[in-house]
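Since the structure comes first, as structure tokens, the remarks are kept for the end.
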Amino acid sequence: MAARAYWKGQIRLALVSIPVEIYSAAKSGASISFRQIHEPSGKPINYEKVVQGIGPVDRDDIVKGYEISRGNYVLLDEDEIEAVKIESKKTLELVQFVGSDEIDPLYFEKPYYVAPADDLAEEAFVVLREALRSAKKVALGQLSLRGREQLVALKPCGKGILLETLRYADEVRQGQAFFKEIGDAKPDKALLELATTLIDQKTAPFDAGEFHDRYIDALRKLVEKKAKAKGKKVLEDVEEPETQSGGNVIDLMAALKKSVGNEKKSSSSSSKKKASSGSSRAKKRA
């Protein structure tokens with residue numbers, strides 16, 4: 001099944017308009033969904049739309065309301081909301097360009113893929129993509145998505161363009177308020193060298209496929225065990241990681257040295273396994 005465009009419209013740069021389609025770059029991962037159950041009967045709990053003093057109401061009788069004063073609402077139906085005209089509902093105008101490393105990662109929210117809407121739009125699309133790549137710039141504009149106008153950033157992504165929605169300034173908390181109690185003391189040089197060594201040992205190219213949601217796996221196993229236990233409680237003791245209290249430098253030094261040593265053993269063991277499996281494959285081929 002072909003992916004469905006999340007938004008269709010045009011990117012506008014001065015007098016140039018490029019028809020495009022935008023697709024979500026993210027998808028829902030594995031998850032476990034629970035229903036609320038009435039334990040005595042074992043039946044699922046349903047929720048009804050009710051009005052105080054009236055009771056359950058029909059879904060067709062529900063409209064959206066904005067409270068202008070306590071108990072007083074302005075009522076709006078979907079047609080009135082949809083009729084609100086704003087240019088960014090169909091046009092993404094590029095109003096500013098910034099260096100690709102100028103935007104703090106705190107502002108980035110969700111990624112989307114941008115592709116030309118048809119063959120006629122492809123030439124202008126490619127020109128914009130390559131101009132951004134050559135200038136090492138990110139384009140900024142505003143786009144109406146799902147009932148709100150969002151700030152967005154566009155940058156080259158292979159043969160296409162990646163669009164990322166950005167948070168507005170008033171949606172980001174400034175971190176200094178949380179860091180003000182941290183002192184200005186410099187770390188001990190020996191400790192810093194050990195920590196750097198440990199980082200170097202654990203450095204590898206990023207591969208998202210190496211990671212998965214272990215909590216979901218554990219929940220699935222619990223559900224399977226519970227089903228086999230036929231209603232009996234299933235509680236397992238889980239070993240919690242050891243926590244060290246206090247800020248003793250000697251303890252930290254010992255912990256870092258031990259970590260570096262363990263990492264060396266781990267990488268050595270991994271190398272031996274790879275070499276062993278390689279020689280086994282060579283023997284099989286011979």
Practice problem: Quickly run through the stretch 116-148 and pick out the residues that are of a type outside the set (A, V, I, L, M, F, W, C), in contact with a helix residue (DSSP H, G or I) (Cβ under 9 Å, 6 or more places away or on another chain) and surrounded by 15 or more Cβ atoms within 10 Å (Cβ to Cβ). | Solution: P116, K137, G141, Q142, S144
Quiz prompt | Lone unmet requirement of (1) under 19 Å from Q10 (Cβ atoms); (2) assigned to a helix (DSSP H, G or I) for I81 | solution = (1)
Exercise. Answer yes if at least one residue in the stretch 151-174 is surrounded by fewer than 16 Cβ atoms within 10 Å (Cβ to Cβ), among the aliphatic types (A, V, I, L, M), out of contact with any Ser or Thr (no Cβ under 7 Å at 6 or more places or on another chain) and modelled with pLDDT of 85 or more, and no otherwise.
Key: yes
Practice problem: Being at pLDDT 85 or above and among the hydroxyl-bearing types (S, T, Y) is the filter here, so list the residues in the stretch 13-47 that pass it. | Solution: S17, Y23, S24, S41
Quiz item: If you go through the stretch 86-93 one residue at a time, do you hit one that is modelled with pLDDT under 90, polar (S, T, N, Q) and more than 32 Å from the chain's Cα centre (by Cα)?
Solution: no
Quiz item: Among the residues of the stretch 237-254, is there at least one that is at pLDDT 80 or above, in a loop (DSSP other than H, G, I, E, B), over 30 Å from A117 (Cα atoms) and not basic (K, R)?
Solution: no
Quiz item: For the subset of the stretch 84-103 comprising residues that are assigned to a loop (DSSP other than H, G, I, E, B) and touching a residue at least 40 places away in the same chain (Cβ under 8 Å), which member is nearest to Q174 (Cα to Cα)?
Solution: I103
Quiz item: Is there a residue being surrounded by 10 or more Cβ atoms within 10 Å (Cβ to Cβ), under 33 Å from the mean Cα position of the chain (by Cα) and assigned to a strand (DSSP E or B) anywhere in the stretch 48-69?
Solution: yes
Exercise. State the number of residues belonging to the stretch 21-35 that are in contact with a strand residue (DSSP E or B) (Cβ under 7 Å, 6 or more places away or on another chain) and either free of Cβ contacts under 8 Å to residues at least 60 places away in the same chain or in a loop (DSSP other than H, G, I, E, B) (or both).
Key: 3
Exercise. Need at least 1 residues that are among the acidic types (D, E) per element, so show me which helices (runs of 4 or more DSSP H) inside the stretch 117-203 make the cut, counting only ones lying wholly within it.
Key: 119-135, 189-201
Quiz item: Taking into account only those residues within the stretch 7-33 that are loosely packed, with under 15 Cβ neighbours inside 10 Å and among the hydrophobic types (A, V, I, L, M, F, W, C), which is nearest to P116 (Cα to Cα)?
Solution: V16
Practice problem: Mind listing whichever residues of the stretch 2-52 are farther than 29 Å from V127 by Cα and hydroxyl-bearing (S, T, Y)? | Solution: S28, S31, S33, S41, Y47
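The values are calculated or read from the model by the stated rules, or taken from the named source; none is laboratory data. Every value quoted in this text rests on a predicted model; they were computed, and no experiment measured them. Neighbour counts run over all protein chains shown; Cβ positions are idealised from the backbone, glycine included.
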